[in-house]
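Engineer: Structure incoming, see below.
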Amino acid sequence: MTNEVWWRIGFFLSILVIMMLIEWWMPARKAPIKSSKRWFANFGLVLASSIVTRLAVPIGLTAVALYNQQHGIGLFNIINLPSIVVIVLSLLLLDIVIYWQHRLFHRVPILWRLHKVHHADAHVDASTGLRFHPIEIVLSILVKLVAVSLLGVPAIAVLIFEIALNGLAMFNHANIRLPPAVEKPLRLILMTQILHRIHHSQRVSETNSNYGFSVIWWDWIFGSYKSEAKKSDSELDIGLKEYPSAKQNASLLLAMPFRNK
Ligand SMILES: [Zn+2]
């Protein structure tokens, strides 16, 4: 746990670099505007969000989980189950919480104002998987804080979950198209790039589907799974019609939820 930050940064940078290399080597779709322009806006927002989040929530989720473990707070710290069972259950339950949080951010208009910053990207690549408004990130941390404390999630499960969620978000937003022989079986477990691009479609019925960030099962169980869009993966219209991507930069993205257009 003492090396937590390094584990997180290590995984984050490795997965980001691997995804960007594959995107560069064999991109699935052609970017509608210059990538450098989008990356400047997206990574600028990532930087701003990291600073705001640090200031708004100065304690880490794993520190809270450790405190709960030491003080017998939360379900798994009261009942006696083998640690492997607790870890697996924790990962699955936290993932269901994040699935429903995502649905709520689409359903509730004031939350959509925040989440649309993510969807206003006219192209989807690994950097999109990191592009979230700082208030959405802070709210998400608070949701996880409550879930971790009620469930008594162990610190190690929190760390695994955070690394996996971050890595899988970069994976399923990556501008790559896995060969069918790999993609089809993978669909039975994970949210793949083709499936997640449907979630970034401009069509409302398509954007309100495939909410999962990691495993696909919650979309099956809760009825939001869509296996294909009206248009093909290479012709799909991505982003939000009302936001021409050319005008986006980090400060506009920060202000987006508070503006009317
Ligand atoms: Zn979404």
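Engineer: For segment 177-186, check the following and say yes or no: at least one residue is touching a residue at least 60 places away in the same chain (Cβ under 8 Å) and either within 16 Å of the ligand (Cβ to nearest atom) or surrounded by fewer than 20 Cβ atoms within 10 Å (Cβ to Cβ) (or both).
Structural biologist: Yes; the residues of segment 177-186 include at least one that is touching a residue at least 60 places away in the same chain (Cβ under 8 Å) and either within 16 Å of the ligand (Cβ to nearest atom) or surrounded by fewer than 20 Cβ atoms within 10 Å (Cβ to Cβ) (or both).
Engineer: Residues being within 14 Å of His200 (Cβ to Cβ) and open to solvent by less than 10 Å² (accessible area, probe 1.4 Å): count how many of those fall in segment 124-154.
Structural biologist: Residues flagged as within 14 Å of His200 (Cβ to Cβ) and open to solvent by less than 10 Å² (accessible area, probe 1.4 Å) within segment 124-154 amount to 7.
Engineer: While we're on this one: Being under 13 Å from the mean Cα position of the chain (by Cα), in a loop (DSSP other than H, G, I, E, B) and either more than 12 Å from the ligand (Cβ to nearest atom) or not β-branched (Val, Ile, Thr) (or both) narrows it down to one residue among Ala126, Ala122; which is it?
Structural biologist: Ala126
Engineer: Within segment 14-35, which residues are farther than 20 Å from Leu168 by Cβ and outside any loop (DSSP other than H, G, I, E, B)?
Structural biologist: The answer is Trp24, Trp25, Ser35.
Engineer: Give the number of residues within segment 216-237 that are crowded, with 19+ Cβ neighbours inside 10 Å and under 19 Å from Met19 (Cα atoms).
Structural biologist: Of the residues in that region, 0 qualify.
Engineer: Among the residues of segment 134-142, is any within 16 Å of the ligand (Cβ to nearest atom) and touching a Leu at 6+ places or on another chain (Cβ under 6 Å)?
Structural biologist: yes
Engineer: Being over 20 Å from Ile160 (Cβ atoms), open to solvent by 40 Å² or more (accessible area, probe 1.4 Å) and assigned to a helix (DSSP H, G or I) narrows it down to one residue among Leu89, Leu104; which is it?
Structural biologist: Sole residue among the options that is over 20 Å from Ile160 (Cβ atoms), open to solvent by 40 Å² or more (accessible area, probe 1.4 Å) and assigned to a helix (DSSP H, G or I): Leu104.
Engineer: Being on the phi < 0 side of the Ramachandran plot and in contact with a helix residue (DSSP H, G or I) (Cβ under 6 Å, 6 or more places away or on another chain): is that true of Glu206 here?
Structural biologist: So Glu206 passes the test.
Engineer: Same structure again: Scan segment 62-86 residue by residue and report those that are part of a loop (DSSP other than H, G, I, E, B), under 24 Å from Leu139 (Cα atoms) and open to solvent by 60 Å² or more (accessible area, probe 1.4 Å).
Structural biologist: Ile73
Engineer: Are any residues in segment 188-211 within 10 Å of the ligand (Cβ to nearest atom), open to solvent by less than 10 Å² (accessible area, probe 1.4 Å) and in contact with a strand residue (DSSP E or B) (Cβ under 8 Å, 6 or more places away or on another chain), and if so, which ones?
Structural biologist: Once the filter is applied, which keeps residues that are within 10 Å of the ligand (Cβ to nearest atom), open to solvent by less than 10 Å² (accessible area, probe 1.4 Å) and in contact with a strand residue (DSSP E or B) (Cβ under 8 Å, 6 or more places away or on another chain), segment 188-211 yields only His200.
The values are calculated or read from the model by the stated rules, or taken from the named source; none is laboratory data. Just so we're clear, the structure is a prediction, and the values are computed from it rather than from any experiment. So basically every Cβ, Gly included, is an ideal-geometry build from the backbone, and we count neighbours across all protein chains shown. The area values use the complete protein model at the heavy-atom level, side chains included, leaving out ligands, DNA and RNA. Shrake-Rupley method; radii C 1.70, N 1.55, O 1.52, S 1.80 Å.
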